[in-house]
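Undergrad: Please read through the structure below; I'll follow up with questions.
The values are calculated or read from the model by the stated rules, or taken from the named source; none is laboratory data. As the structure is a prediction and not an experimental result, all values here were calculated from the model. Note that we place each Cβ from the backbone using ideal geometry, even for glycine, and neighbour counts take in every protein chain shown.
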Amino acid sequence: DAGVIQSPRHEVTEMGQEVTLRCKPISGHNSLFWYRQTMMRGLELLIYFNNNVPIDDSGMPEDRFSAKMPNASFSTLKIQPSEPRDSAVYFCASRDYSGIKPSEQYFGPGTRLTVT
Amino acid sequence: GQQVMQIPQYQHVQEGEDFTTYCNSSTTLSNIQWYKQRPGGHPVFLIQLVKSGEVKKQKRLTFQFGEAKKNSSLHITATQTTDVGTYFCADANQAGTALIFGKGTTLSVSS
């Protein structure tokens, strides 16, 4: 399996622009997570989906952030408009969640976002 | 809210020395997962502990879950330069549907 795929790997944009990050989870996995990592705040959970349905978006910092999962093999995280403080590495992770046994998460390589 | 604290935040050792990172919680941990993130990389799952007092080993790495399930530790014996990275512990949230990550311990090793 190719693992979790994220694109782009690097994104540099100007303040005010719209940014869209993409994620393809591991085939067969039914849970998908979006994280943001910064030196100051560590690894923060933004939102997660089970079976394509958003379960908890309480970690989404502001209304400027939105996430979708139109099908089991694709998710997007959108920031509109972007601000310099959004600069971070954004990770997508997936796992096979049975609801019974805890299971590990598989992380993608991340998207390094720089907003100038 | 649910929090997982890790100490120390940073640790530097000479190659061959041992290293330990600790994960603590004021509430009972449901299960603990440990991840390693190499510099510039992404978190990679190492192991999961579920039972009180559980001890698991992976070569030079020893993972422990406290008897009261309020703490966990990762011990590396005779560190090598390949051990460099940030080690995270994570606990399941109350619903069991997501993970709450600690801030991590960043290990550097000099040869």
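Undergrad: Of the numbered conditions (1) under 23 Å from A:ASP57 (Cα atoms); (2) part of a strand (DSSP E or B); (3) more than 10 Å from every other protein chain (Cβ to nearest Cβ), B:ILE100 fails exactly one; give the number of that condition.
TA: The number of the failed condition is (3).
Undergrad: Additional query: Could you say whether any residue in segment A:4-13 is in contact with a helix residue (DSSP H, G or I) (Cβ under 9 Å, 6 or more places away or on another chain) and within 14 Å of chain B (Cβ to nearest Cβ)? First the steps, then the outcome.
TA: Within segment A:4-13, the first condition is being in contact with a helix residue (DSSP H, G or I) (Cβ under 9 Å, 6 or more places away or on another chain), and the residues that meet it are none.
No, there is no match, as no residue in segment A:4-13 is in contact with a helix residue (DSSP H, G or I) (Cβ under 9 Å, 6 or more places away or on another chain) and within 14 Å of chain B (Cβ to nearest Cβ).
Let's see how each residue does on (1) within 12 Å of another protein chain (Cβ to nearest Cβ); (2) free of Cβ contacts under 8 Å to residues at least 12 places away in the same chain:
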{"residue": "B:HIS42", "(1), (2)": "yes, yes"}
{"residue": "B:ALA68", "(1), (2)": "no, no"}
{"residue": "B:SER73", "(1), (2)": "no, no"}
{"residue": "B:ALA90", "(1), (2)": "yes, no"}
{"residue": "B:GLY96", "(1), (2)": "yes, no"}
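Undergrad: Out of A:GLY110, A:GLY99, I need the residue that is over 26 Å from B:GLN94 (Cα atoms) and within 11 Å of chain B (Cβ to nearest Cβ). Which one?
TA: A:GLY110
Undergrad: Please work out if B:TYR87 is among the hydroxyl-bearing types (Ser, Thr, Tyr) and either surrounded by fewer than 18 Cβ atoms within 10 Å (Cβ to Cβ) or over 21 Å from A:SER94 (Cβ atoms) (or both).
TA: On the way: among the hydroxyl-bearing types (Ser, Thr, Tyr): yes; either surrounded by fewer than 18 Cβ atoms within 10 Å (Cβ to Cβ) or over 21 Å from A:SER94 (Cβ atoms) (or both): yes.
Considered against the rule, which asks whether it is among the hydroxyl-bearing types (Ser, Thr, Tyr) and either surrounded by fewer than 18 Cβ atoms within 10 Å (Cβ to Cβ) or over 21 Å from A:SER94 (Cβ atoms) (or both), B:TYR87 comes out as yes.
Undergrad: Okay, next question. Give the residue that is nearest to B:CYS89 (Cα to Cα), with candidates limited to residues of segment B:16-55 that are loosely packed, with under 13 Cβ neighbours inside 10 Å and among the charged types (D, E, K, R).
TA: B:LYS51
Undergrad: Would you check which residues across segment B:9-40 are at the interface with another protein chain (Cβ under 10 Å from one of its Cβ atoms) and on the phi > 0 side of the Ramachandran plot and list them?
TA: B:GLY40
Undergrad: Further question on the same structure: When you look at B:GLY1, is it of a type outside the set (Asp, Glu), at pLDDT 95 or above, part of a loop (DSSP other than H, G, I, E, B) and loosely packed, with under 14 Cβ neighbours inside 10 Å, yes or no? Spell out how you get there, then give the answer.
TA: Numbers: of a type outside the set (Asp, Glu): yes; at pLDDT 95 or above: no; part of a loop (DSSP other than H, G, I, E, B): yes; loosely packed, with under 14 Cβ neighbours inside 10 Å: yes.
Spelling it out, it is not the case that B:GLY1 is of a type outside the set (Asp, Glu), at pLDDT 95 or above, part of a loop (DSSP other than H, G, I, E, B) and loosely packed, with under 14 Cβ neighbours inside 10 Å.
Undergrad: Continuing with the same structure: Can A:ALA93 be described as over 24 Å from B:LEU46 (Cβ atoms) and either more than 14 Å from chain B (Cβ to nearest Cβ) or of a type outside the set (Val, Ile, Thr) (or both)? Give the derivation first.
TA: Values: over 24 Å from B:LEU46 (Cβ atoms): no; either more than 14 Å from chain B (Cβ to nearest Cβ) or of a type outside the set (Val, Ile, Thr) (or both): yes.
No, not satisfied.
Undergrad: Please determine whether any residue of segment A:72-88 is modelled with pLDDT of 95 or more, in contact with a helix residue (DSSP H, G or I) (Cβ under 8 Å, 6 or more places away or on another chain), part of a strand (DSSP E or B) and surrounded by 17 or more Cβ atoms within 10 Å (Cβ to Cβ).
TA: yes
Undergrad: Being within 12 Å of chain A (Cβ to nearest Cβ) and part of a strand (DSSP E or B) is the requirement here; does B:THR106 meet it?
TA: Working: within 12 Å of chain A (Cβ to nearest Cβ): yes; part of a strand (DSSP E or B): yes.
The answer is yes for B:THR106.
Undergrad: State yes or no: is A:ALA67 without any contact (Cβ under 8 Å) to a residue 60 or more places away in the chain, small (Gly, Ala, Ser) and exposed (fewer than 14 other Cβ atoms within 10 Å of the Cβ)?
TA: Values: without any contact (Cβ under 8 Å) to a residue 60 or more places away in the chain: yes; small (Gly, Ala, Ser): yes; exposed (fewer than 14 other Cβ atoms within 10 Å of the Cβ): no.
Considered against the rule, which asks whether it is without any contact (Cβ under 8 Å) to a residue 60 or more places away in the chain, small (Gly, Ala, Ser) and exposed (fewer than 14 other Cβ atoms within 10 Å of the Cβ), A:ALA67 comes out as no.
Undergrad: Same structure, new question: Inside segment B:44-58, can you point out the residues that are in contact (Cβ under 8 Å) with a residue 12 or more places away in the chain and of a type in the set (A, V, I, L, M)? Walk me through it before giving the result.
TA: The first filter runs over segment B:44-58 and keeps only residues in contact (Cβ under 8 Å) with a residue 12 or more places away in the chain, leaving B:45-53, B:58.
Correct list: B:LEU46, B:ILE47, B:LEU49, B:VAL50.
Undergrad: Run B:GLN9 past the list (1) of a type outside the set (Phe, Trp, Tyr); (2) surrounded by 15 or more Cβ atoms within 10 Å (Cβ to Cβ); (3) over 19 Å from B:ASN93 (Cα atoms) and report the number of the one that doesn't hold.
TA: Of the numbered conditions (1) of a type outside the set (Phe, Trp, Tyr); (2) surrounded by 15 or more Cβ atoms within 10 Å (Cβ to Cβ); (3) over 19 Å from B:ASN93 (Cα atoms), the odd one out for B:GLN9 is (2).
Undergrad: Something else: For segment B:1-39, which residues satisfy the criterion of being β-branched (Val, Ile, Thr) and within 12 Å of the chain's Cα centre (by Cα)? Step through it out loud before you land on a result.
TA: Initial filter on segment B:1-39 (β-branched (Val, Ile, Thr)): B:4, B:7, B:13, B:20-21, B:27-28, B:32.
Once the filter is applied, which keeps residues that are β-branched (Val, Ile, Thr) and within 12 Å of the chain's Cα centre (by Cα), segment B:1-39 yields B:VAL4, B:ILE7, B:THR20, B:THR21, B:ILE32.
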